[in-house]
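Student: Take a look at this one; I'll ask things after.
The values are calculated or read from the model by the stated rules, or taken from the named source; none is laboratory data. Given the structure is predicted, the values throughout are model-derived calculations rather than measurements. Because the Cβ atoms are built from the backbone with ideal geometry, glycine has one as well, and the counts that use them run over all protein chains shown. The protein model used for the area step is the full one, side chains on, heavy atoms only, and it has no ligands, DNA or RNA in it. Shrake-Rupley method; radii C 1.70, N 1.55, O 1.52, S 1.80 Å.
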Amino acid sequence: MRKLLATVSALAVLGASATPSIACGPPPLGPSYVDVFGDQTADLNAFYSGRIGLVMAQSPRARLYMDWRMLHGQPVGAAAGAGLSIPCCDNPDPYIWDATDAWLKARAQVAGVVVNTDTTSVVTDLPLPDGSSRPNCFQDAFTSAAATLNARIASYGATSPFVKAWVDAQDAVFTACGGTAATLPPLPANAPDWLKADRAYQAAALVLYQGDNATAAADFAAIGHDASSPWRPMAPYLTARALLRQAKLSGTPQSYSAAEKAVDALIAAPAGSFGQSDAAGMARFLLEREAPPKALAELDAELTRPALTANAASTFRDYVDLNAKTTPPPEILDWIATIKATTEGAPAPDPSTNQPTQNAVLQRAQAFSLAHAGSRWQATNDPAWLVAALSLVDPSDATAPALAAEAAKIAPSSPAYVTAAYQRVRLTINTAPEAETRAFLDAMLARTDLSTSDRNLFIGQRMQVAEDEPAFAQLAVRIRLCADDTGADGCVRSKFNEEEEWTNIYDASGKTGLGPDAMALIDRMPLAQRAALTTDADLPAEFRLDIGLTTWTRAVLEQDDGQINALSLALEPLLPAEKTNLATVVKTPSGPAKRFAEFFIMAQMPGLATDLMSYERPSGSVASWQGNWPDWMILPKGATNGDFTPPCLLEYTTEGICEGEGDVSDAALWPTADVVCLTYCGSGAAPMRLPDFMAARRDQAGAEWKSLAQPYHDNDTLGSPVWEEVFAYANTHPKDPRSPEAFYWLVHVTRYGHTHNGISHRSYDVLHQRYPTSTWTKKTPYYFD
Amino acid sequence: MRTALAISALAAALACAWPASAAPALVLWAWERPEDLSSAPPSVEVAAVEGFVQLSGDRLWGRARRFPLKTAPGARRIAVVHVQIDTSRPLVWSPALRARTTSAVLAYATRPRFDAVQIDFEVPASDRQVLLDLAHDVRAGLPPGTPLSMNALASWCETENWIDSAPVDEIVPMVFRLGPGGVKLKAKLAAGGDFADPRCRRAIGVATDTRLARYPRDRRVYVFNPHSWTPAAIAGAVKDLDP
């Protein structure tokens, strides 16, 4: 049995599963470069050994509990850490089906028994009227039954009628597990003593599973007094268990008192007595119901002891559950709630209101929690509270400069140092001299003790003060976390969230990717700056392809022939499938033919976009390229009425969405968005800094956007349709060998992308009438207007 | 509106497995928490997790629903069986484990008062055949005429096509918890687009806490709530489907 599963919270003692085992819902999904759950095995082990790293507000509460301990100089250790890093306590009986399987195999040996190999026919959960079920028979029951039967077979033979009688009785016992009515068959008249003793045990088990706990307890107690019964050693545990069940059901003081006596007797039994290892959990269960303050004090003592045990996860879980209504909450839970901007008394958004309304409430909650964190820091001088305040404060807040100054005083030897460093840079990156921030971040990145996630975050900050495009290119790349979908890398995030991992956005090895903050900045670069990245050898080829294609698309829509040709040449080796077509673009002089050559490529490539978030990388053959063609619109060269903007900053965050968010312009979002840590580090905003080399050309990017039209959408008539121009050129150049294929793509675009003006039918007609024997015609049996 | 001039025979056959009123319909997922959906209109279906199965190495662990469930009288109920793989141990997908997994899923899926079955099994790329095997075997083990649905990651419907061989009547691509690549899909849906795989266009899965600017409504809409459903949340989901 895995060590993890040996920890059973008091709430799970009687099989009550208090939280879902299925991982879904908050905490956050992650991108693949930042992880609130602790990264991979090496980083997790380092964390358990004391390398606290960056405290992230959206980490699970158990991880924040570990952060709290380390911020106060208390160790965690691997034994406790492993349990605290994953959802707790939901699998008390992981191998029950193996046990039922073993039972079925054991009984199949006995002569006269109707063999049953269907494990699912052994129902171990008791259905309840409210649609739920509870575990009634546990793994140990089946394991014990199989072992006992094998012993009886060994002693008396598989053909013994008494062994058969034993099996018949045990079958009735297990029938009761699933709530089906059952009675024990009559004992054979000449039953030997061993069968009588076993039958007494089976009878007690049957009434237990049928819910008659009081009778079961009495029967087990009687077995405990029978010196000749082989089941006597198990009696104290089973008596306690039955009385505990009764106490839970009836809730009377008498039943709790009886249960307590039985549990005390089990605890006092000789060491190693059967079931004694469960006694502590049983006692905890009783204490939590009879004397919650005393139970809380015990739990608190366990959680603050110098060395944690492997039970820390279940202890913490019980501590959180029992403190659900404690006000004020104990300090550690107060700190955890505060760093999550949910301090007791903070407003909570109403999910039925619109997003801007919810956002306003969240901002008030952030301010409330920040005020609390600040006052706790002032009162205690505890770095943990400074960490909380730093995670909550916006750079624009009046208290930000003072908090940043406090962060600067944290010594490198302090467990709060890495967090203080990240938050301090976040608060000052737009005000401090670029060279100063650069030097500080270079020193942080020179450390050898950063986790991969933390390193990615500091790289993201360093990118914002990059000296030039080559430096920016190197810093745009992040190390991917948790790439191994077999779990061999030790990542625990999949135990919290069932998220999907998209392919085709990383380098060829799958180990690096462009950070979302890098993509947001690249998408805001002017054409020439973006184009320079396409030929930067420090970038993996896949990223040069991605940046190159999106830049090429912009150049085409801007009709910048110089950039179109240069990028086409750069893309030829990166996209061999389009080498010929790209070469055609280069060698064709400016004019309709050149535009057709460009638009022909756009027709073949559904994933093209003018930004990196909407773009889909072409992979494999042309026929397998994925994506959804936009309904491209183009303005006359030199136009200045374009309506293009890059995606709003929220789109670069996980689950971010721009529609319905109110004003999502860069002017509105830049001060409040966090595209670096994606709010996982805390509620405090993280407005990015444009590196100086980018800031110098920001106006140029804005001017270029005015020559671009957004794709056609909801009767937006700005610009002329690219697909119409493809149709017109192919229609007037029937002998161009690309023309039939062009018509094929126009029909394809309509089916899987967006067009308007009924172009699919028209293309279909020309294709079939003019090129009846073309393979492109054969591939186009339908139109899709 | 697109006019496809041909409908594949397979799609036509599968289209008969759900009731004729299959589009559009609202289905509320009732997950692993106490759920009282009795205030939902009778036309609203409930897809409730009835079984949980975990595959770990060469072993299996399963249990029935642990939390109360209430539905409106006469509401159509779908038994969802959630399957997951314990990633801390390499999966040994042997014939024996395959058979036991199928038995387990069928045991939880074929409960009284449930009208259809849904498999919720989000496999990593390396274990796709496991899902296909399971879907095949569950289909074979279900009473004839029992509709079989499966949830799908959005990327399976968008950038991959291995899901086409799944012998199910309905595929529900989930447009939430998408991860970093989801922006493109959401933008595509916002622009009026649809999933690349036509088999994924008969149903869609959304979540109450993941807003979509726009998504196709001409199909069965499953809604996930990360918290227990309340009458207000149910009313909101109903209104959202048919404002």
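Student: Looking only at region B:229-239, how many residues end up being more than 13 Å from B:Ser39 (Cα to Cα) and surrounded by 15 or more Cβ atoms within 10 Å (Cβ to Cβ)?
Tutor: 0
Student: Can you name the residue in region A:755-785 that is closer than 19 Å to A:Pro721 by Cα and of a type in the set (Gly, Ala, Ser) and is also surrounded by the most Cβ atoms within 10 Å (Cβ to Cβ) among such residues?
Tutor: Of everything passing the filter in region A:755-785, A:Ser763 is surrounded by the most Cβ atoms within 10 Å (Cβ to Cβ).
Student: Exactly one condition in (1) away from chain B (no Cβ under 14 Å); (2) of a type in the set (Gly, Ala, Ser); (3) under 27 Å from A:Ala696 (Cβ atoms); (4) under 28 Å from the mean Cα position of the chain (by Cα) is false for A:Ser509; which is it?
Tutor: (3)
Student: Quick one: in region A:642-672, which of the residues that are more than 14 Å from every other protein chain (Cβ to nearest Cβ) and buried (at least 18 other Cβ atoms within 10 Å of the Cβ) is farthest from A:Val36 (Cα to Cα)?
Tutor: Going through the qualifying residues, I end up with A:Gly642.
Student: Considering only region A:587-598, I want to know if a residue exists there that is in contact (Cβ under 8 Å) with a residue 12 or more places away in the chain, within 41 Å of the chain's Cα centre (by Cα) and closer than 16 Å to A:His733 by Cα.
Tutor: Yes, because at least one residue in region A:587-598 is in contact (Cβ under 8 Å) with a residue 12 or more places away in the chain, within 41 Å of the chain's Cα centre (by Cα) and closer than 16 Å to A:His733 by Cα.
Student: Here are some conditions: (1) open to solvent by 30 Å² or more (accessible area, probe 1.4 Å); (2) within 14 Å of another protein chain (Cβ to nearest Cβ); (3) acidic (Asp, Glu). A:Asp699 meets all but one. Which one does it not meet?
Tutor: (2)
Student: Right, another one. Filtering region A:643-667 down to residues that are within 24 Å of the chain's Cα centre (by Cα) and not in a loop (DSSP other than H, G, I, E, B), which residue is modelled with the highest pLDDT?
Tutor: Top of the filtered list is A:Leu649.
Student: Quick check, is B:Leu134 at the interface with another protein chain (Cβ under 10 Å from one of its Cβ atoms), without any contact (Cβ under 8 Å) to a residue 60 or more places away in the chain, crowded, with 23+ Cβ neighbours inside 10 Å and not polar (S, T, N, Q)?
Tutor: No: the conditions fail for B:Leu134.
Student: When you check B:Arg100 against the structure, is it within 8 Å of chain A (Cβ to nearest Cβ) and under 21 Å from B:Val221 (Cβ atoms), yes or no?
Tutor: no
Student: Turning to a different aspect of this structure: When region A:483-492 is examined, which residues are found to be modelled with pLDDT of 75 or more and either over 15 Å from A:Asn45 (Cα atoms) or surrounded by fewer than 19 Cβ atoms within 10 Å (Cβ to Cβ) (or both)?
Tutor: Within region A:483-492, A:Ala483, A:Asp484, A:Ala488, A:Asp489 qualify.
Student: Another one. Just one of (1) open to solvent by less than 70 Å² (accessible area, probe 1.4 Å); (2) within 28 Å of A:Leu287 (Cβ to Cβ) trips up A:Gln202, so point out which.
Tutor: If we test A:Gln202 against (1) open to solvent by less than 70 Å² (accessible area, probe 1.4 Å); (2) within 28 Å of A:Leu287 (Cβ to Cβ), just (2) comes out false.
Student: While we're here: Could you please find all residues in region B:148-175 being farther than 21 Å from B:Leu106 by Cα and of a type in the set (Gly, Ala, Ser)?
Tutor: Passing the criteria: B:Ala154, B:Ser155.
So that you can scan it fast, the table gives a plain yes or no per residue for (1) more than 26 Å from the chain's Cα centre (by Cα); (2) loosely packed, with under 14 Cβ neighbours inside 10 Å:
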{"residue": "A:Asp300", "(1), (2)": "yes, no"}
{"residue": "A:Arg317", "(1), (2)": "no, no"}
{"residue": "A:Ala324", "(1), (2)": "no, yes"}
{"residue": "A:Pro329", "(1), (2)": "yes, no"}
{"residue": "A:Ala373", "(1), (2)": "yes, no"}
{"residue": "A:Gln378", "(1), (2)": "yes, yes"}
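Student: Something else: Report every pair of residues separated by at least 6 positions or lying on different chains whose Cβ atoms are under 8 Å apart, first residue within region A:714-735 and more than 30 Å from B:Arg214 (Cβ to Cβ), second open to solvent by 40 Å² or more (accessible area, probe 1.4 Å) and not acidic (Asp, Glu).
Tutor: Going by the 8 Å Cβ cut-off, the qualifying pairs are A:Tyr729/A:Pro592; A:Tyr729/A:Arg595; A:Ala730/A:Arg738; A:Pro734/A:Arg770.
Student: For region B:55-69: of the residues being open to solvent by less than 20 Å² (accessible area, probe 1.4 Å) and assigned to a strand (DSSP E or B), which is farthest from the other protein chains (Cβ to nearest Cβ)?
Tutor: B:Leu55
Student: Separate question: Kindly indicate whether any position in region A:84-95 is farther than 30 Å from B:Arg77 by Cα and within 14 Å of chain B (Cβ to nearest Cβ).
Tutor: yes
Student: Please go through region A:225-238 and pick out each residue that is in a helix (DSSP H, G or I) and open to solvent by 20 Å² or more (accessible area, probe 1.4 Å).
Tutor: A:Arg232, A:Pro233, A:Met234, A:Pro236
Student: Sort through A:Ser277, A:Ser273 and tell me the only one that's in a loop (DSSP other than H, G, I, E, B) and among the small types (Gly, Ala, Ser).
Tutor: After ruling out the rest, the residue left standing is A:Ser273.
Student: For B:Glu160, all conditions in the list (1) of a type outside the set (S, T, N, Q); (2) within 9 Å of another protein chain (Cβ to nearest Cβ); (3) under 17 Å from the mean Cα position of the chain (by Cα) hold save one; what is the number of the exception?
Tutor: Status for B:Glu160: all satisfied but (3).
Student: Of the residues A:Val55, A:Val34, which is open to solvent by less than 20 Å² (accessible area, probe 1.4 Å), in a loop (DSSP other than H, G, I, E, B), under 29 Å from A:Asp517 (Cβ atoms) and at pLDDT below 95?
Tutor: After ruling out the rest, the residue left standing is A:Val34.
Student: Output the residues belonging to region A:109-149 that are polar (S, T, N, Q) and either open to solvent by 50 Å² or more (accessible area, probe 1.4 Å) or out of contact with any Lys or Arg (no Cβ under 7 Å at 6 or more places or on another chain) (or both).
Tutor: If the condition is that a residue be polar (S, T, N, Q) and either open to solvent by 50 Å² or more (accessible area, probe 1.4 Å) or out of contact with any Lys or Arg (no Cβ under 7 Å at 6 or more places or on another chain) (or both), then A:Gln109, A:Asn116, A:Thr117, A:Thr120, A:Ser121, A:Thr124, A:Asn136, A:Gln139, A:Thr143, A:Ser144, A:Thr148 are the ones that fit.
Student: Could you check region B:185-226 and list, in sequence order, the residues that are in contact (Cβ under 8 Å) with a residue 12 or more places away in the chain, open to solvent by 20 Å² or more (accessible area, probe 1.4 Å), charged (D, E, K, R) and part of a loop (DSSP other than H, G, I, E, B)?
Tutor: B:Asp194, B:Arg201, B:Arg202, B:Asp209, B:Arg214, B:Arg217, B:Asp218, listed by residue number.
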